[in-house]
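Notes for the one structure printed next.
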């Protein structure tokens, strides 16, 4: 399985007062009723460089060629892929959307966007995992996929997890010269 570590790309500034309230409650700090929170004040309370609550979603991918669902003589190659999503961060996160790009023979053949995965929008508490299996059909014995999952954390902050390209390969039909 390929282990893909995520980066903090796409994390927007947390600007909502209730998000600040939750964070400060977790740290045992009291809010002053008359205090207003703008972006600068937020950084003072949370810390601009505070990575303790940064999302850390780990994605693992494995693939299998499906000979029973393929017709190689007609250039139809079916693959299943299993995705394992693990929340290694300290905050709850929910997967909202997916975006996949599918490649066959070096050309992009599909761009798939939608809500959730396999009909679900899983909520992952810290330390929890979610695994699912899906599939794709390509027209060459070699292809690939890459994509992005969009999440929202418990503070209402949206972030993307990039899934680097992984291979879809059927070796039996490849001839080495």
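Summary of values
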| quantity | calculated |
| --- | --- |
| Cα-Cα pairs of the stretch 61-177 separated by more than 21 Å (percent) | 42 percent |
| Rel. contact order, % - alpha carbon contacts under 8 angstrom, at least six apart, the stretch 53-133 | 31 percent |
| Chain lengthening between residue 123 and residue 165 when straightened (0.36 nm per residue, less Cα-Cα) | 12.7 nm |
| Shape call, the stretch 77-135: gyration tensor on alpha carbons, a/c limit 1.5 | prolate |
| Fully extended contour minus Cα-Cα distance, from residue 113 to residue 62, at 0.36 nm per residue | 16.3 nm |
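Any read-out appearing in this document is the output of simple, stated calculations on the displayed coordinates, not a laboratory observation. Everything numeric in this text was worked out from a predicted model, so none of it was measured.
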